[in-house]
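Novice: This is the structure I have questions about; it appears just below.
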Amino acid sequence: MCLGVPGRIVEVWQEGGAPMATVDFAGERRRICLAYLPDLGPGDYVIAHMGFALTRVDEQTARSTVELMREYGVLPAAEAVS
C-alpha cells in the first residue's frame, strides 16, 4: 500500500535472517519486512512504505483511519459480512 493505509500483522517469520510479516491492509494482504520494527507480532498495526514497516499504530487509530479513508472514497467500502 502506498497511501499510508494502516495494516494488521497476520503472520510473522524469518526469511534470510530478516523478520518478515503478512499484513492485512483493509482486506488486501501483502508481505512486508519488519527489519525496522522487529519486535512487532501478529495483531499489531503498522504503516508500511516500499515493503517495510515504518511505524506502529494503535488499533483505534488504525480503525478510525481506515474508516475515514473509506468515507472519503480513498478505499472501497467494506463488504458486508453475511
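Novice: When you look at ALA78, is it among the small types (Gly, Ala, Ser), more than 30 Å from GLY17 (Cα to Cα) and in contact (Cβ under 8 Å) with a residue 40 or more places away in the chain, yes or no? Steps first, answer last, please.
Specialist: Numbers: among the small types (Gly, Ala, Ser): yes; more than 30 Å from GLY17 (Cα to Cα): yes; in contact (Cβ under 8 Å) with a residue 40 or more places away in the chain: yes.
When the stated conditions are applied, ALA78 passes them.
Novice: In the stretch 51-62, how many residues are exposed (fewer than 13 other Cβ atoms within 10 Å of the Cβ) and closer than 10 Å to GLY7 by Cβ?
Specialist: 0
Novice: Then there is this: Of everything in the stretch 11-31, what is closer than 18 Å to LEU75 by Cβ, touching a strand residue (DSSP E or B) at 6+ places or on another chain (Cβ under 8 Å) and either of a type outside the set (A, V, I, L, M) or at pLDDT 95 or above (or both)? Give them in sequence order. Lay out the reasoning, then the answer.
Specialist: Step one: list which residues in the stretch 11-31 are closer than 18 Å to LEU75 by Cβ, which gives 23-30.
Remaining after also requiring touching a strand residue (DSSP E or B) at 6+ places or on another chain (Cβ under 8 Å): 23-26, 29-30.
Scanning the stretch 11-31 gives VAL23, ASP24, PHE25, ARG29, ARG30.
Novice: Here's a follow-up. Looking at ARG56, ARG63, can you tell me which residue is assigned to a strand (DSSP E or B) and of a type outside the set (Gly, Ala, Ser)?
Specialist: Unique residue meeting the criteria: ARG56.
Novice: Is there any pair linking a residue in the stretch 10-25 that is under 23 Å from SER64 (Cα atoms) to one that is assigned to a loop (DSSP other than H, G, I, E, B), with Cβ under 6 Å and at least six apart or on different chains, and which?
Specialist: ALA21/LEU34; PHE25/MET1; PHE25/VAL5
Novice: Next up: Looking only at the stretch 10-50, which residues are among the charged types (D, E, K, R), in a strand (DSSP E or B) and surrounded by 11 or more Cβ atoms within 10 Å (Cβ to Cβ)? Steps first, please.
Specialist: Within the stretch 10-50, the subset among the charged types (D, E, K, R) is 11, 15, 24, 28-31, 39, 44.
Within this subset, residues satisfying the condition of being in a strand (DSSP E or B) are 11, 15, 24, 28-31.
Answer for the stretch 10-50, where residues must be among the charged types (D, E, K, R), in a strand (DSSP E or B) and surrounded by 11 or more Cβ atoms within 10 Å (Cβ to Cβ): GLU11, ASP24, GLU28, ARG29, ARG30, ARG31.
The values are calculated or read from the model by the stated rules, or taken from the named source; none is laboratory data. Computed from a predicted model, the values in this text were never measured in an experiment. Neighbour counts are summed over all protein chains in view; Cβ atoms, including those assigned to glycine, are modelled from backbone coordinates with ideal geometry.
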